[in-house]
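What follows is a short report on a single structure.
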Amino acid sequence: MSRINPLTGIVLASAAAISFAANTTASPIAAAGGSTVLTYLALRSTVAALLVFALLIATRSSLRLAPRRRWAAFGVGTVLAIYSVSLLSAIQYIPVALAVLIFYTFPLLTTLYLWITGQERASWTAGAALLIAFIGLVLALNVGDRSPDLRGIALAALAALGITAVVLLNSRLVGAGDSRPVTLHMLSAASFVFIVVTAALGEFALPDTARAWWAFSTGPFFYAFAIVSIFVAMSILGPIRTSMTMNLEPVSSMVLGFVLLDQALNGLQILGAALVIVAVLTIQRTKGQARTPAKGGLS
C-alpha cells in the first residue's frame, strides 16, 4: 500500500470526512420523519460491523482477539455507543455544525489528558492552540439573540469526552497490531447495546416519509463507507496525515447543515469554527513532529 499515490489516500480520507458528516446530517432528517435516534444508530452500527466483518473475511485476516482484549474491546464499544447517542441527540437541540464542532475538540481534550498524566510534555505551541480553540468555541457558541440550548451543548460535550476516552483506550488496546478486529468487536458491542436498549425502551420506529426513508437508508452506509475508507487511507498516509484530512468533517457539516437542514451559522460562528479547526490541526501537527502514535481502530 505504501507505493500507492498519496493523493489516493487524501481523496479517501476526504471522502470519509464528508461521509461521516453526511451520516450525522441524515440522522435529524430520519428522526423528523418518524424514526428515532436509537433505531438509526442500531442500523448504522450493524451495517458498519457487517462491512468490517466482510473486509476481514475478504482479506483473510484473523477475527480473533485474546479474551482479555476481546472484553476490553466490548467495553470500549459500550463507551462508543454512549458517545454516539450523545452526539446524535445533541443535534436535536443545536445545529449539526455546532454539535460536530464541539465534538471535534476531542484531540484537544486528549492532549490535555496526556499533559495532566505526564505522558506528554506541554509546549508553548500546543498551549497557544488550546487558547485559540477556547476563543473559537466562545465565538462559535454565539447564536445572536437566542440563548444556546444548554442540552445540546452538554450532550455534544459528553460526546467529545466519550470519544476522547475511546481514542485513549483504543490506542492502548490496538498497540502496533491490526486495528480492524478491535473495531469489529467495538462495533458489535455498540450494535448489541443499541438493539437491546431500543427494544427495552420501545424506541424502534421506521420513517414514514420518503425524505426520511432516504436519510434512514443512506446515512448508515455513509458511516460504514467512512470507516472502511479510514482503514485504507491510514495504510497510505499514516495516522497523522489522515487525522489532519479528517478535519474536513466540521466544514462538511456546516455545508450539509445549510443545504439539507437550512441551518446557517453567522459570521462570528464561522470564524470561531475556523479557529477551532486551526487549533486542532496545530495540535495534530505538533504531535506528528514529536512522534508517530499507534494506529487507532475507530475515529
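The values are calculated or read from the model by the stated rules, or taken from the named source; none is laboratory data. These numbers were taken from a predicted model, which means no experiment stands behind them. Quick reminder, even Gly has a Cβ in these numbers, built from the backbone with ideal geometry, and neighbours come from all protein chains shown.
Do we have any residue at all in region 247-269 that's at pLDDT below 90, under 26 Å from E120 (Cα atoms), surrounded by 21 or more Cβ atoms within 10 Å (Cβ to Cβ) and under 16 Å from the mean Cα position of the chain (by Cα)?
No, there is no match, as no residue in region 247-269 is at pLDDT below 90, under 26 Å from E120 (Cα atoms), surrounded by 21 or more Cβ atoms within 10 Å (Cβ to Cβ) and under 16 Å from the mean Cα position of the chain (by Cα).
Return the residues of region 182-217 that are over 21 Å from L80 (Cα atoms) and part of a helix (DSSP H, G or I); say none if nothing qualifies.
A210, R211, A212, W213, W214, A215, S217
Kindly provide the set of residues from region 1-58 that are small (G, A, S) and within 13 Å of A215 (Cα to Cα), ordered by number.
Passing the criteria: S19, A21, A22, A26, S27, A30, A31, A32, G33, G34, S35.
This table checks each residue for (1) surrounded by fewer than 21 Cβ atoms within 10 Å (Cβ to Cβ); (2) over 26 Å from F53 (Cα atoms); (3) touching a helix residue (DSSP H, G or I) at 6+ places or on another chain (Cβ under 8 Å); (4) not acidic (D, E).
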| residue | (1), (2), (3), (4) |
| --- | --- |
| W124 | yes, yes, no, yes |
| A129 | no, yes, yes, yes |
| A140 | no, yes, yes, yes |
| L155 | no, yes, yes, yes |
| G162 | no, no, yes, yes |
| A165 | yes, no, yes, yes |
| H185 | no, no, yes, yes |
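State yes or no: is E249 within 30 Å of L137 (Cβ to Cβ) and of a type in the set (D, E)?
Against the criterion (within 30 Å of L137 (Cβ to Cβ) and of a type in the set (D, E)), E249 qualifies.
Would you confirm, using the coordinates I've provided, whether L109 is at pLDDT 85 or above and more than 30 Å from L65 (Cβ to Cβ)?
no
Take the conditions assigned to a helix (DSSP H, G or I) and modelled with pLDDT of 90 or more and apply them to L50. Does it pass?
Yes.
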